[in-house]
Structures are given as structure tokens and as C-alpha cells.
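The values are calculated or read from the model by the stated rules, or taken from the named source; none is laboratory data. For clarity, every value in this text was computed on a predicted model and none was experimentally measured. Glycine also receives a Cβ, built like all others from the backbone with ideal geometry; neighbour counts cover every protein chain displayed. The area values use the complete protein model at the heavy-atom level, side chains included, leaving out ligands, DNA and RNA. Shrake-Rupley method; radii C 1.70, N 1.55, O 1.52, S 1.80 Å.
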Amino acid sequence: MKRRLAAPNKWPASPRKELMKIFTSTLLAILVAISAVVPAHAQIVEKKSLNLDGAKKAIAAAVDYAKKNNAPGGVIAIVDEGGNLMALERLDGSFAMGATISIGKARTAVLFKKPTRFFEELINKGRTAMTAVDGFTPLIGGIPIIVGGEVVGGIGVSGAASANQDEELALAGAAAFSASTQTDPPSKTGSANEMGGAPMMKATNDAIFIDASHVTAAFAKGRPLLETAGYKVHASRRIEPGQAEIHTLDTDVIYVVDGSATLVTGGKAVDWKEIAPNEIRGSKIEGGEEHQISKGQVIVIPNGVPHQFTTVTGELHYFVCKPTALTESHLTAH
């Protein structure tokens, strides 16, 4: 009797594994197809950046401010949002190294998204380790340029009359992109203690409100709170005698907040020289009158009158409001 051999089994020994392979292959094919139709913008971040016309606009605003405020020089650098140099202008009388410094200030401001004043004051308070950061220029005079809430570039200035004036020029350049036209010089940036939270200085219907924390920080070092073409407000601090001073345009209205000192007014300044337009300094005053001033007093020193702090007890803190005359006085230091 012949036996019939069984036909070989046509189905796989493990159908579940084979089905899993088919399912996995199909799923991968679907994912590849989906990724091919996903819009490209979902995979990137769109960023705004300053263009060349914008860089020229910022420089023009800074140069205009420099000329109107008799800056003795200055190098103005503009960088894009990545810190790359876009434009640079060097005013007559500027020192050569100003170009390198101004670029560094602009780059630091844009890469850290903060005014460089923040870092200079932070280092002055002892955070010297920050100076080890490569390509870092922690000097006052760098300002990020912000449009629509985004940092689109930066401006740095070096070589003006002072660090504060460097910053004023930079602020004027950055302000070229603000929504409203600004006729007065820009306000100073905040200190390292003031960079968080709400702005320290708020303008409302032409009135300016300065927060208490800003005032306290200004008195700690003695610096301007606000300077415009028509008036200035300083939070002054003095711990030692000063030079004889004559302001040919500004009247000093002084309110003593704390401390005491001897103030000499009148007479004439000795060895005087003009250190800036309408600002005269001398070694001492001859023929003046001594006054003991203390907390709570108000002193008004008209423009053209010599005055000098000759002694100071402890720390003298005083507000100085400086209304500026419309026309130049012809009074001399004699």
C-alpha cells in the first residue's frame, strides 16, 4: 500500500511576526508621507533683523544728537541681531581705538539683550569673573535696538565726552525706531539693580515718573536722573570737597536730602578754564561767602555765580534741578 506524502505547509510558521513587520513598514511609510507635506515654517524660527537702511537711520540719529549736544567725537557702530557689523561712522576728533570699542559695545548689547551699563556696574560691584567672557565689552555705551518687542540689532558708541554721553548717543540712535518722535535727549538706562521688572522711568502725558528704586540707585553713585535740552535733574552724592564751578547757562536749584557741608558762593574762580561748552571750573574761589548747609535746606544758585563745596561731613546727598537759560549768558569767570 502506497502512502501519499503530505503537501508542504504554505503558511509561515509564525504569522504574528510577519503581520507585525507589515504593520511597521506601513506605519513608517505613512510617517514619511506626512513629514513630506508639513510646512517648512513649522521647522524653523523666524527672526527680525535690522537691514542696511535701518543701520544708516540709527547712525544718522546718533550723529544728529552728537552735533546738537557738542560731542567732541565719537565712533558709532551698528550690528545685526547676530552681532555682525553692519555700519560704522567715526566723527572727526575721535580716537582710533574707538572703532574697536564701539563694535564690542554694540555686540555685547545685542548678544546679551541688555544695555552694557548693566555689566559695567555689575563688574564694579565685584563680579569681575565676567571679564573672562570672550568678546565681551562691559563698558557703558551699548544699547540693543528693539522693534516690535524683538532685538533686531545693536548700537555702540565710544569716544564722546564721557561714558554717559556715549550712552546718550547710542540711545538716540536706538530711539530712531520708536513709535513717537523724541525731541529731548534720551533717558539714561537703568543700573544693574534696575534691569528687571517694569521700566524705572515712565512718561505719561508729558509727565515723567521716576521709581524710588531708580532714585536710590542714582544717589548711591551720584549720577543724573534725567537730562533734556531745557533742564536736568541730578541725584548728587558728595563725600569730599570739589572744584569751583560756574554754569553759564544752568541755574542750580539744590535740595539737601541728607548730610551737611560748607558751600562757598560768589567771589571769583581762580585758575579757571572751560571744560565743556558753558561749563567753567577753577581750583578755588576768592572773595566768596561761606554757608553751612544741611538736610532739608534749599539753595538756588543762578547761572554765572561761582560756587564750591569746600568741606563735606559724611556723605552729602542732594537733588539738583538745573533749568537752562534760552540764551547764553555773557558773564565771565572774573
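Sub-6 Å Cβ pairs linking a first residue in the stretch 144-167 that is small (Gly, Ala, Ser) and open to solvent by 30 Å² or more (accessible area, probe 1.4 Å) to a second residue that is at pLDDT 90 or above and not in a helix (DSSP H, G or I), at least 6 apart or interchain, are Ala163/Ile140, ordered by first then second residue.
Restricted to the stretch 262-297, and to residues that are in a strand (DSSP E or B) and hydroxyl-bearing (Ser, Thr, Tyr), which residue is surrounded by the fewest Cβ atoms within 10 Å (Cβ to Cβ)? My answer is Ser294.
Return the residues of the stretch 68-82 that are under 11 Å from Gly153 (Cα atoms) and buried (at least 18 other Cβ atoms within 10 Å of the Cβ); say none if nothing qualifies.
Of everything in the stretch 68-82, those that are under 11 Å from Gly153 (Cα atoms) and buried (at least 18 other Cβ atoms within 10 Å of the Cβ) turn out to be Ala77, Ile78, Val79, Asp80, Glu81.
Among residues of the stretch 124-143 being touching a residue at least 12 places away in the same chain (Cβ under 8 Å) and surrounded by 13 or more Cβ atoms within 10 Å (Cβ to Cβ), the one that is nearest to Leu171 (Cα to Cα) is Ile143.
If you go through the stretch 303-316 and keep only what is in a strand (DSSP E or B) and open to solvent by 40 Å² or more (accessible area, probe 1.4 Å), you end up with Thr310, Thr311, Thr313, Gly314, Glu315. Can you pull out the residues in the stretch 83-107 that are touching a Gly at 6+ places or on another chain (Cβ under 6 Å), of a type in the set (Gly, Ala, Ser) and buried (at least 20 other Cβ atoms within 10 Å of the Cβ)? Within the stretch 83-107, Ser94, Gly98, Ser102, Ala106 meet the criteria. State whether the residues of the stretch 51-67 include one that is open to solvent by 10 Å² or more (accessible area, probe 1.4 Å), without any contact (Cβ under 8 Å) to a residue 40 or more places away in the chain and farther than 20 Å from Pro144 by Cα. Checked the stretch 51-67: at least one residue is open to solvent by 10 Å² or more (accessible area, probe 1.4 Å), without any contact (Cβ under 8 Å) to a residue 40 or more places away in the chain and farther than 20 Å from Pro144 by Cα. Note on the stretch 108-123: residues that are farther than 28 Å from Asn70 by Cβ and open to solvent by 30 Å² or more (accessible area, probe 1.4 Å) amount to 5.
Evaluate the stretch 209-224: report whether one residue or more is at pLDDT below 70, outside any helix (DSSP H, G or I) and open to solvent by 20 Å² or more (accessible area, probe 1.4 Å). Within the stretch 209-224 (the criterion being at pLDDT below 70, outside any helix (DSSP H, G or I) and open to solvent by 20 Å² or more (accessible area, probe 1.4 Å)), the answer is no, since none of the residues qualifies.
Cβ-Cβ contacts under 8 Å between residues 6 or more apart (or on different chains), taken from a first residue in the stretch 83-101 that is on the phi > 0 side of the Ramachandran plot to a second residue that is outside any loop (DSSP other than H, G, I, E, B) and of a type in the set (A, V, I, L, M, F, W, C), are listed as Gly83/Ala106; Gly83/Val110; Gly83/Leu111. Annotation: Lys188 fulfils all but one of (1) among the charged types (D, E, K, R); (2) at pLDDT below 90; (3) open to solvent by less than 50 Å² (accessible area, probe 1.4 Å); (4) not in a loop (DSSP other than H, G, I, E, B); the unmet one is (4). Among the residues making up the stretch 211-263, a single one is more than 25 Å from Ile140 (Cα to Cα) and touching a helix residue (DSSP H, G or I) at 6+ places or on another chain (Cβ under 8 Å): Val257.
Under the condition of being crowded, with 18+ Cβ neighbours inside 10 Å and not acidic (Asp, Glu), the residues counted in the stretch 237-250 number 5.
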